[in-house]
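Enquirer: Can you read through this structure? Questions will come right after.
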Amino acid sequence: MSALPPADRWAGSRLRLERARRSLVGGVSSPFRAKFPVPLYFADAAGSRMIDVDGNQYIDYTLAWGPLILGHKHPALVEALRRQAERPHILGAQHDLEYEVAEKIQQLAPCAERVAFTSSGSEAVQLALRLARAATGRTLVLKFEGHYHGWMDSVLISHHPRAEEIGPLETPQAVPESRGQVPNAVENVLVAPWNRLEIVERLFEQRGREIAAVILEPVLCNSGCLLPQPGYLQGLRQLAHRYGALLIFDEIITGFRMALAGAQGVYGVTPDLATFGKALAGGPPLSAVAGRREIMELISDGAVAFGGTFNGNPISLACARATLGELERDGGAALARANRLGAALMEGIREAARRRGVPLQVSGFGAAFALHFTERSELRDYRDTLADDRAKLAVFLLRALEKGVYALPDGRMYVSAAHTEEDVSLTLTALDTALAETSN
Ligand SMILES: Cc1ncc(COP(=O)(O)O)c(C=O)c1O
């Protein structure tokens, strides 16, 4: 193995990564994780804190890319797992947790007349799209630039296209993003820029009768946490319905994070179908499609095929029941708190940037937000984020990591119910110094 600098605070992680690369492709279990300034190996975690194999401590703002809405090892989840350890781990058959958690989602999510469980967000999106195509008898799907709906061929299109390939604003190119992706996937997808209703309207005028569904992240979390403009989501619903298309909210991130009722509750726009995942079970893999009864029931009469060995597995559902129970407690205090602390962080970071004269935008909602080093005063769509200074962000994130603040490599920060006022204050001090070091 190569010699390491004696003062390398991440020596243990670097050594392990070097070893892992010889067996595990790329050394990581998801290539997104290789994008961190240093892909870290962790020894333990509890609440909002993590400790790596070199003994460095961090305040965790990655939350495992979203699921850990209650933080690490929340007592309610530990207890749920302990109890479930003594019960069947998987049945491939029916058990009480399935309808109990489905009923809970029904109570919480406005669109959820019926629920189906899957394991990952990518899978849930595929089921939602199949249902929409079956219900409408159409094939085309309208998606937005910068929005991520999983890594499958049919949707890994114009997630993060490069500036030179996106085409004009009025008529964006549908850009496939992986070698090996079937090239004709793009034929089934129309792409629009986010937050520009007039362009969507024109696309509907041209091809509205072919469009099965409009799918979107109601808050564009995967490209810098850009909020929808006032009336935009309502406008999309009206347009979709005017042309007989369905509206699908991909709430894999916003679900059980922005509010108990998701973004659909916050914005008062009920989609025909929605996907949930990540925070739903507080950690273990679980996702769901929820939506209008007559669309969802296409599954029960066999018209729409779907399956999955791990669907409705008791371990994930036990954790979902515990997580939703905790989130509901005291009138939803946990999410209110996560969002309040996140809003304080957002404002504190903005204030530090103003004080230091650093051009920085902080966008999003409290429990999920993102930092943009940019001269732009308004960030409306994915194209606006192309002007972000990503080299500066990378330096900033490295400086933040050295000071014990662990954020996602695209500058996103997630706040859980386990974060504290003290975390916020420590983080703001660390980030202020990181900002000073970055702007030098
Ligand atoms: C909005 C959205 N949809 C779908 C997915 C895919 O979920 P998964 O990674 O669980 O397959 C993600 C993952 O980050 C996501 O953010």
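The values are calculated or read from the model by the stated rules, or taken from the named source; none is laboratory data. Keep in mind the model is a prediction, meaning the values are calculated, not measured. We place every Cβ from the backbone using ideal geometry, glycine too, and count neighbours over all the protein chains shown. Ligands, DNA and RNA are excluded from the accessible area calculation, which covers all protein heavy atoms including side chains. Shrake-Rupley method; radii C 1.70, N 1.55, O 1.52, S 1.80 Å.
Enquirer: So which residues in the range 14-58 are in contact with a Gly (Cβ under 6 Å, 6 or more places away or on another chain) and modelled with pLDDT of 95 or more? Give the derivation first.
Expert: Of the range 14-58, the ones in contact with a Gly (Cβ under 6 Å, 6 or more places away or on another chain) are 17, 20-21, 34, 47-48, 53-54, 57-58.
Answer for the range 14-58, where residues must be in contact with a Gly (Cβ under 6 Å, 6 or more places away or on another chain) and modelled with pLDDT of 95 or more: 17, 20, 21, 47, 48, 53, 54, 57, 58.
Enquirer: Count, please, the residues in the range 241-255 that happen to be touching a helix residue (DSSP H, G or I) at 6+ places or on another chain (Cβ under 8 Å) and more than 30 Å from residue 281 (Cβ to Cβ). It would help to see each step written out before you state the result.
Expert: The initial filter retains those residues of the range 241-255 that are touching a helix residue (DSSP H, G or I) at 6+ places or on another chain (Cβ under 8 Å), namely 242-255.
With more than 30 Å from residue 281 (Cβ to Cβ) added as a condition, the list becomes 242-245.
Count: 4.
Enquirer: Pairs needed: first member in the range 33-57, assigned by TED's automatic domain parsing to the domain that holds residue 393; second member anywhere, hydroxyl-bearing (Ser, Thr, Tyr) and in a loop (DSSP other than H, G, I, E, B); C-beta distance under 6 Å; at least 6 residues apart or different chains.
Expert: Between residues of the range 33-57 that are assigned by TED's automatic domain parsing to the domain that holds residue 393 and residues that are hydroxyl-bearing (Ser, Thr, Tyr) and in a loop (DSSP other than H, G, I, E, B), the close pairs are 53/41.
Enquirer: Let me ask something additional. Please work out if residue 315 is under 21 Å from the mean Cα position of the chain (by Cα) and β-branched (Val, Ile, Thr). Let's see the steps before the verdict.
Expert: On the way: under 21 Å from the mean Cα position of the chain (by Cα): no; β-branched (Val, Ile, Thr): yes.
No.
Enquirer: Follow-up. Read through the list (1) within 20 Å of residue 281 (Cα to Cα); (2) away from the ligand (no atom under 16 Å from the Cβ), then give the number of the only condition that residue 25 fails.
Expert: Against the list (1) within 20 Å of residue 281 (Cα to Cα); (2) away from the ligand (no atom under 16 Å from the Cβ), residue 25 comes up short only on (1).
Enquirer: Restricted to the range 159-180, and to residues that are in contact (Cβ under 8 Å) with a residue 60 or more places away in the chain and within 16 Å of the ligand (Cβ to nearest atom), which residue is farthest from the chain's Cα centre (by Cα)?
Expert: Here the answer is 160.
Enquirer: To continue, here is another question. Can you name the residue in the range 278-295 that is open to solvent by 10 Å² or more (accessible area, probe 1.4 Å) and in a helix (DSSP H, G or I) and is also nearest to the ligand (Cβ to nearest atom) among such residues?
Expert: That would be 278.
Enquirer: Looking at (1) open to solvent by 50 Å² or more (accessible area, probe 1.4 Å); (2) within 17 Å of residue 227 (Cα to Cα), find the lone condition where residue 425 falls short.
Expert: Condition not satisfied by residue 425: (2).
Enquirer: Give me the pairs: first residue in the range 410-421 and more than 17 Å from residue 397 (Cα to Cα), second residue of a type in the set (Ser, Thr, Tyr) and in a loop (DSSP other than H, G, I, E, B), beta-carbon distance under 9 Å, and six or more apart or on different chains, which are they?
Expert: Short answer, once both residue conditions are applied: 416/48; 416/61; 418/48; 419/48; 419/61; 420/48.
Enquirer: Just for strands (runs of 3 or more DSSP E) wholly inside the range 342-440: which have at least 3 residues that are hydrophobic (A, V, I, L, M, F, W, C)? First the steps, then the outcome.
Expert: Values: elements: 360-365, 368-373, 412-414.
Of the strands (runs of 3 or more DSSP E) lying wholly inside the range 342-440, those with at least 3 residues that are hydrophobic (A, V, I, L, M, F, W, C) span 360-365, 368-373.
Enquirer: Also, quick follow-up: Can you list the strands (runs of 3 or more DSSP E) found entirely within the range 205-277 that contain at least 1 residues being away from the ligand (no atom under 16 Å from the Cβ), farther than 18 Å from residue 66 by Cα and open to solvent by less than 10 Å² (accessible area, probe 1.4 Å)?
Expert: Details: elements: 211-216, 246-250, 273-276.
Filter on the range 205-277 gives 211-216.
Enquirer: Give the number of residues within the range 128-153 that are open to solvent by 10 Å² or more (accessible area, probe 1.4 Å), aliphatic (A, V, I, L, M) and within 14 Å of the ligand (Cβ to nearest atom).
Expert: 1
Enquirer: How many residues does the range 54-79 hold that are open to solvent by 50 Å² or more (accessible area, probe 1.4 Å) and within 16 Å of the ligand (Cβ to nearest atom)? Talk me through it step by step, then tell me what you get.
Expert: Going residue by residue through the range 54-79, those that are open to solvent by 50 Å² or more (accessible area, probe 1.4 Å) are 54, 57, 64-65, 73, 75, 78-79.
Next cut, within 16 Å of the ligand (Cβ to nearest atom) only: 64-65.
Counting residues in the range 54-79 that are open to solvent by 50 Å² or more (accessible area, probe 1.4 Å) and within 16 Å of the ligand (Cβ to nearest atom) gives 2.
Enquirer: Just checking, which of 348, 325, 366, 331 is touching a Lys or Arg at 6+ places or on another chain (Cβ under 7 Å) and closer than 30 Å to residue 76 by Cβ? Don't jump to the end; show me each part of the working.
Expert: Values: 348 fails: touching a Lys or Arg at 6+ places or on another chain (Cβ under 7 Å); 325 fails: touching a Lys or Arg at 6+ places or on another chain (Cβ under 7 Å); 331 fails: touching a Lys or Arg at 6+ places or on another chain (Cβ under 7 Å).
Sole residue among the options that is touching a Lys or Arg at 6+ places or on another chain (Cβ under 7 Å) and closer than 30 Å to residue 76 by Cβ: 366.
Enquirer: Which one is most open to solvent (accessible area, probe 1.4 Å) among residues in the range 296-312 that are within 23 Å of the chain's Cα centre (by Cα) and within 16 Å of the ligand (Cβ to nearest atom)? Break it down into steps so the answer makes sense when it comes.
Expert: Taking the range 296-312 and keeping what is within 23 Å of the chain's Cα centre (by Cα), we get 308, 310-312.
Keeping just the survivors that are within 16 Å of the ligand (Cβ to nearest atom) gives 308, 310-311.
Numbers: 308: 42, 310: 127, 311: 40 Å².
Here the residue is 310.
Enquirer: Look through 187, 177, 123, 165 and report the one residue that is buried (at least 20 other Cβ atoms within 10 Å of the Cβ) and more than 17 Å from residue 243 (Cβ to Cβ). Step through it out loud before you land on a result.
Expert: On the way: 187 fails: buried (at least 20 other Cβ atoms within 10 Å of the Cβ); 177 fails: buried (at least 20 other Cβ atoms within 10 Å of the Cβ); 165 fails: buried (at least 20 other Cβ atoms within 10 Å of the Cβ).
Just a single option satisfies the conditions, and that option is 123.
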